[in-house]
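Reading through the structure tokens given below for one structure.
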Amino acid sequence: MRLLLTLLLLISNSVPAFARCEAGPIHERRFIEAGGIQQWLTIDGSNCANPVVLYVHGGPGNPLTPYGEGLFKAWRERYTVVLWDQRGSGMTYGANPPPEGTPLSIEQLRDDGLAVAQQVAQHLGQRKLILMGSSWGSVLAVHMAKARPEQFHAYVGVAQVVDGNENGVDAYRAVLALARQANDAEHLPRLEALGTPPWTNPRNFGIMRRAIRKYENLATDAPPKQWWQPEAIYATPKAMADYEAGEDYSFLQFVGLRGDGMQSKIDLYALGTDFKLPVYLVQGERDLLTSAAVTRRYFERIQAPRKELVLVPRAGHDPNQPLMDAQFNVLEQRVRPTL
């Protein structure tokens, strides 16, 4: 009993109580206890009585917390924006470096996300949150929405990943066709050497991703450079090293050393396409990694109280101004009027 009390005291001292906020501006950077570890959050808004957006980052291993000021500043007058460094990522990785060989699973990260959502709702005095997820985060967010729809007003998916194999094959064929059309001396030989997914070499995904970025950049609007200036707290040598180490760790967990990582287990159809909350999918028309064709097939199968697919011209997979504006417009024109 004495040991248990000592452990509880240590935890309470290292992770301050998550006191309730009901009104007024909020600007927090802090750890909370979720899933048995310390997990990092940022919470920003002009009034914590506003609707709350929990934004689930992609990668995995690419938290948006360092870049929230650039990406979400315009949202904060109308919404409280919550960003979370997932297990194995960013500041959460730095506080809890996983022992070598420690796996990540979609189910574990889902449960972490639900614990985070519950605590954030209580802290901000909200009954429900708006759940948003981008790229890998869209997989995790769908798992969260399916498991606990009562925790969320709506789900907004951006660059929706649907099926690890289907998205991978579609992306490879699309970028290979573009490289052949351009007679791309740099990327074409590398792509042809890969062959069609699935792959067993973890480096292959990175080879394809670099080619995809090249062709998306040619067809989309570049994001403002100031978006990618990290907040000072994330620009320290330790924070930058933790971000990079978490990125490496999470990427290997995603692709697997033999093509057997979390990516190979993504199949949103297997979860069922019936949703008990509104679903809005925001999709860059020039997205090669998670194409509009794959997203549309999934969207057409979805049954939900309300649903909409928004296609965004001059946008690809990664954030740019048209893609961020489209997300904000969905919040303002579709989600907020129903709250």
- Of all residues making up the range 311-330, the number that are within 18 Å of the chain's Cα centre (by Cα) and open to solvent by less than 30 Å² (accessible area, probe 1.4 Å): 9
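Answer with yes or no whether Gly88 is in a loop (DSSP other than H, G, I, E, B) and buried (at least 24 other Cβ atoms within 10 Å of the Cβ). Reasoning before the result, please.
Numbers: in a loop (DSSP other than H, G, I, E, B): yes; buried (at least 24 other Cβ atoms within 10 Å of the Cβ): yes.
Here the answer is yes, as Gly88 does meet what is asked.
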- If you take the residues in the range 33-54 that are of a type in the set (A, V, I, L, M) and out of contact with any Ser or Thr (no Cβ under 6 Å at 6 or more places or on another chain), which one is most open to solvent (accessible area, probe 1.4 Å)? Ala49
- Quick one: how many residues across the range 234-265 are in contact with a Gly (Cβ under 6 Å, 6 or more places away or on another chain) and either among the hydrophobic types (A, V, I, L, M, F, W, C) or buried (at least 19 other Cβ atoms within 10 Å of the Cβ) (or both)? 11
- What tally of residues in the range 151-177 results from selecting those that are open to solvent by 60 Å² or more (accessible area, probe 1.4 Å) and either touching a Gly at 6+ places or on another chain (Cβ under 9 Å) or touching a residue at least 40 places away in the same chain (Cβ under 8 Å) (or both)? 1
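For residues that are open to solvent by 50 Å² or more (accessible area, probe 1.4 Å) and either more than 24 Å from the chain's Cα centre (by Cα) or touching a residue at least 24 places away in the same chain (Cβ under 8 Å) (or both), tally how many sit in the range 178-203.
Initially, the range 178-203 is screened for residues open to solvent by 50 Å² or more (accessible area, probe 1.4 Å), giving 178, 180-183, 185-186, 189-190, 192-193, 196, 198, 200-201, 203.
Now drop any that are not either more than 24 Å from the chain's Cα centre (by Cα) or touching a residue at least 24 places away in the same chain (Cβ under 8 Å) (or both), which leaves 178, 180-183, 185-186, 189-190, 192-193, 196, 198, 200-201.
Of the residues in that region, 15 qualify.
The values are calculated or read from the model by the stated rules, or taken from the named source; none is laboratory data. Model, not experiment: these values are computed from the prediction. We place every Cβ from the backbone using ideal geometry, glycine too, and count neighbours over all the protein chains shown. Remember, those area values only see protein heavy atoms, side chains included, never the ligands or the DNA or RNA. Shrake-Rupley method; radii C 1.70, N 1.55, O 1.52, S 1.80 Å.
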